[in-house]
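Read through the structure below, which is laid out as structure tokens, and then see the notes.
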Amino acid sequence: MTDIDSLRAELDGQSPRAILKAALAHYGNIAISFSGAEDVVLIEMAHKLTDNLRVFTLDTGRLHPETYEFVDRVRKHYGIDIEVLFPDAKEVQDMVNRKGLFSFYEEGHSECCGIRKVNPLRRKLATLDAWVTGQRRDQSPGTRNEVPVVQLDTA
């Protein structure tokens, strides 16, 4: 049984707080991915469990002003730094010059999301031992209902 398998077996069925506490204890180089209001619950729990809270968020360059205001409110409320990750400017510029500002409406999200979300996330994950997300099994029936409590991310 791998370390991941044993940790998964140990934590399966545990409360979110217990899972987060175990993750924070098990992995030294860990961060929470913050992408919206529901992730504040994770930040709240982690804030009570550790003084060494690391949080990051993705800025796609297409966010609404209210999103920036919300991130700033969370930062101030908890007295934490939230690392903001950005897409590579050259990749965005090349895509926009080739396809226009709104190609994601016409061609789907694959290239745009890859450049604006997936690539910055991969760069960040390469620097971490583990990350915590707010994915819930009930959010996307059929796609996330089988998400294990702990999994190896091969990205």
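Quickly run through region 67-80 and pick out the residues that are among the hydrophobic types (A, V, I, L, M, F, W, C) and not in a helix (DSSP H, G or I).
Answer for region 67-80, where residues must be among the hydrophobic types (A, V, I, L, M, F, W, C) and not in a helix (DSSP H, G or I): just I80.
Kindly list, by first and then second residue, each pair from a residue in region 98-121 that is among the polar types (S, T, N, Q) to a residue that is not in a helix (DSSP H, G or I), limited to pairs with Cβ atoms under 8 Å and residues at least 6 apart or on different chains.
If the second residue must be not in a helix (DSSP H, G or I), the pairs left are N119/P87; N119/D88.
List every residue pair whose Cβ atoms sit under 9 Å apart, with the two residues 6 or more apart in sequence or on different chains, where the first one lies in region 64-81 and is under 17 Å from A46 (Cα atoms) and free of Cβ contacts under 8 Å to residues at least 12 places away in the same chain and the second, anywhere, is outside any helix (DSSP H, G or I) and of a type outside the set (K, R).
Close Cβ pairs satisfying both conditions: R75/V55; R75/D81; R75/I82.
May I ask you to list the residues in region 46-61 that are assigned to a loop (DSSP other than H, G, I, E, B) and either more than 17 Å from the chain's Cα centre (by Cα) or at pLDDT 95 or above (or both)?
Residues satisfying the conditions are T50, D51, N52, R54, D59.
Within region 103-117, is even one residue within 20 Å of V147 (Cβ to Cβ), surrounded by 13 or more Cβ atoms within 10 Å (Cβ to Cβ) and small (G, A, S)?
no
Do we have H77 as at pLDDT 95 or above and over 18 Å from T133 (Cα atoms) here? Before you say what the answer is, go through the steps one by one.
Values: at pLDDT 95 or above: yes; over 18 Å from T133 (Cα atoms): yes.
So H77 passes the test.
The values are calculated or read from the model by the stated rules, or taken from the named source; none is laboratory data. Nothing here was measured: the structure is a model prediction, and the numbers come from that model. Virtual Cβ from ideal backbone geometry, glycine too; neighbours counted across all protein chains shown.
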